[in-house]
1. I'd like the full set of residues that are out of contact with any strand residue (DSSP E or B) (no Cβ under 9 Å at 6 or more places or on another chain) and closer than 27 Å to PRO320 by Cβ, limited to the range 465-493.
2. Only one of PHE330, PHE369, PHE381 is of a type in the set (A, V, I, L, M, F, W, C), under 29 Å from GLY488 (Cβ atoms) and buried (at least 17 other Cβ atoms within 10 Å of the Cβ). Can you tell me which?
3. Residue check: is PHE393 within 30 Å of MET162 (Cα to Cα), at pLDDT 90 or above, of a type in the set (Phe, Trp, Tyr) and part of a helix (DSSP H, G or I)?
4. Could you tell me whether the range 422-435 includes any residue that is in contact with a strand residue (DSSP E or B) (Cβ under 7 Å, 6 or more places away or on another chain), in a helix (DSSP H, G or I) and surrounded by fewer than 21 Cβ atoms within 10 Å (Cβ to Cβ)?
5. Against the definition (without any contact (Cβ under 8 Å) to a residue 40 or more places away in the chain, assigned by TED's automatic domain parsing to the domain that holds SER125 and in contact with a Pro (Cβ under 8 Å, 6 or more places away or on another chain)), how does GLY21 come out, yes or no?
6. Which residues, taken from the range 77-98, are closer than 22 Å to LEU428 by Cα and surrounded by fewer than 19 Cβ atoms within 10 Å (Cβ to Cβ)?
7. Considering only the range 230-274, how many residues are modelled with pLDDT of 90 or more, of a type in the set (A, V, I, L, M, F, W, C) and within 17 Å of ARG176 (Cα to Cα)?
8. Return the residue satisfying two criteria in turn: it lies in the range 54-72 and is in contact with a helix residue (DSSP H, G or I) (Cβ under 6 Å, 6 or more places away or on another chain) and of a type in the set (A, V, I, L, M), and of such residues it is farthest from VAL285 (Cα to Cα).
Amino acid sequence: MTERPNTPLLDRVRVPADMKGLSDADLERLAGELRAETISAVSETGGHLGAGLGVVELTVALHAVFEAPKDRIIWDVSHQCYPHKILTGRRDRIRTLRQKDGLSGFTKRSESPYDPFGAAHSSTSISAALGFAVARDLGGAPEHGIGDAIAVIGDGAMSAGMAFEAMNNAGHLKKRLIVILNDNEMSIAPPVGAMSSYLSRLYAGAPFQELKAAAKGAVSLLPGPFQEGARRAKDVLKHMTVGGTLFEELGFSYVGPIDGHDLGQLLPVLRTVKARATGPILIHVITEKGKGYGPAEAARDKGHGVSKFDVITGEQKKAPSNAPSYTKVFAESLAQEAAEDDKISAVTAAMPDGTGLKLFAERYPSRCFDVGIAEQHAVTFSAGMAAGGLRPFCALYSTFLQRGYDQVVHDVAIQRLPVRFAIDRAGLVGADGATHAGSFDIGYLANLPGFVVMAAADEAELRHMVATAARHDEGPIAFRFPRGEGAGVEMPERGAPIEIGKGRMIREGKGVAILSFGARLSEVLLAAERLEAKGISPTVADARFAKPLDRELILDLAARHEALITIEEGAVGGFGSHVAQLLGDEGVFDAGLKFRSMVFPDTFIDQASPADMYRVAGMSAPDIEAKVLEVMGVAVVGQRA
């Protein structure tokens, strides 16, 4: 274990109220100790490092000036909230971050009164803060005693439409609302788009002169890297045809930019805003992601997401890989297809690394589009390209595709446009917990007319599914695959298209058939081995498709077996429900077939390792074995051994 940092001031701070007696000089020292403690903790747990290091001084300033939890501090996305958690009574558990039964890696209402609003997806903070402001002014629940509502949102999150919908409404309502724009010029990936370009140039000229004086916000006092940008922005404003800034046009008073690592600027601004603000106000704070830790500052992604690491060297402790990751297989397979088809394009929403499209962008830059944190736009943009004769692959995490569901229905499915959805992080994802689990896409896609929905049982199947999607022009098609390493199967050099709606037999048995959809197949096969030792030899098949179903395969399994069990990495209403509908329509249940469907339980599963989460979900090999024994009428005793 790494030696813990020396933190005499931080040791005195159990909750933010303990900071009220500290001088500004003490707060400076406290920020240094908080940064050291954050680095030390994340070195032991892994997690989001750079974002938290970028807001250490801002976190200290907010808690020194405002009175949480009465004042509601809402962190957008909230992957930057580790320093906040340390200051709000959770330091003794900070080394359980993202672990089973430990602290969430995001804000979570059930975890602490200092987390007034949960988050993990982006661009929700201003809407929520405005809701708190209205609740405050309309009385709300008296026991909650809402004070100020403060949203802290990054420049990447600010580029999403929802943030501007909220600001437009806030400007209209004119409620006292504080928005802090944490501008680090780097979200998960370098931010893209006109909004980011605007923010990088922006410098306010006229309003709130007193605040600017309090902030020492003159250009000459900004750090070197910020000075040139400020001068350029002032030149830009001279040529604006309408006075004021974009934020002022939306009804916000604007203050900034100020150095987000200088408490000498942060504290006076926040104190003045707290004392004098009446309506909505935006404070533009410039920070550096990964600030204060050399290895993070030097990293291309500024230490956004790290595994456990050595504090001295920054070297991450990653387990050796036995198989390629599913994401890498997808990326390489798509690049192979694009080499032979110049109509193939790729779209991601601020996740070029996470979805593997960085490789595609390097090889085919004119055909790869990172649209920023804008999943709704990503879907309809892809639909437009499909309508224009291209073959777009829209690569999103399952949890983020949820944000564009209306567009999937209205702009893609109804028009039967051949958008290819590459759905990464399907199923349970581990340390990010319930907010990032890919639990619902099978249900919300397979219920759409004309949609083809596939799931890869292993990395070789994923390669074949990429090839299948590339050649499917009859309508929308989706293929889902999990986070992490593949199963270690032999890989084909190239993908071969799969016949639409056709599954495959894996092993023949008798009595009971298990029909797997997706990457639980490896667990199904482990369960089959355990069952063989008990004299039960199940048939195992890989469905491949939730829609269209392989009717011939399913009805054959039902006719030849006493029992049929489906298993999928998704919630109720997905693949198993479609199979049950088919069997009911065909009158199979009348013939006495025993049918069971193994799906995620009707609850949100908290963070743990993926293996632990699947055990909680009851979908590991021992659980599958127990389900077979139950349906076959065999007594189940100690099956989880």
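The values are calculated or read from the model by the stated rules, or taken from the named source; none is laboratory data. Just so it is clear, the model here is predicted, and its values are computed rather than measured. Cβ atoms come from the backbone with ideal geometry, glycine included; neighbour counts cover every protein chain shown.
1. Residues satisfying the conditions are ALA487, GLY488, VAL489, GLU490, MET491, PRO492, GLU493.
2. Details: PHE369 fails: under 29 Å from GLY488 (Cβ atoms); PHE381 fails: under 29 Å from GLY488 (Cβ atoms).
On inspection, the qualifying residue turns out to be PHE330.
3. Values: within 30 Å of MET162 (Cα to Cα): yes; at pLDDT 90 or above: yes; of a type in the set (Phe, Trp, Tyr): yes; part of a helix (DSSP H, G or I): no.
Here the answer is no, as PHE393 does not meet what is asked.
4. Within the range 422-435 (the criterion being in contact with a strand residue (DSSP E or B) (Cβ under 7 Å, 6 or more places away or on another chain), in a helix (DSSP H, G or I) and surrounded by fewer than 21 Cβ atoms within 10 Å (Cβ to Cβ)), the answer is no, since none of the residues qualifies.
5. Values: without any contact (Cβ under 8 Å) to a residue 40 or more places away in the chain: yes; assigned by TED's automatic domain parsing to the domain that holds SER125: yes; in contact with a Pro (Cβ under 8 Å, 6 or more places away or on another chain): no.
So GLY21 does not fit the description; no.
6. Step one: of the range 77-98, the residues closer than 22 Å to LEU428 by Cα are 77-79, 96-98.
Hit for the range 77-98 is THR96, nothing else.
7. 3
8. If we filter the range 54-72 for residues that are in contact with a helix residue (DSSP H, G or I) (Cβ under 6 Å, 6 or more places away or on another chain), which is where we start, we get 56-57, 59-61, 63-65, 68, 72.
Filter again for of a type in the set (A, V, I, L, M), leaving 56, 60-61, 64-65, 68.
Values: VAL56: 13, VAL60: 14, ALA61: 12, ALA64: 17, VAL65: 16, ALA68: 20 Å.
So the residue we want is ALA68.
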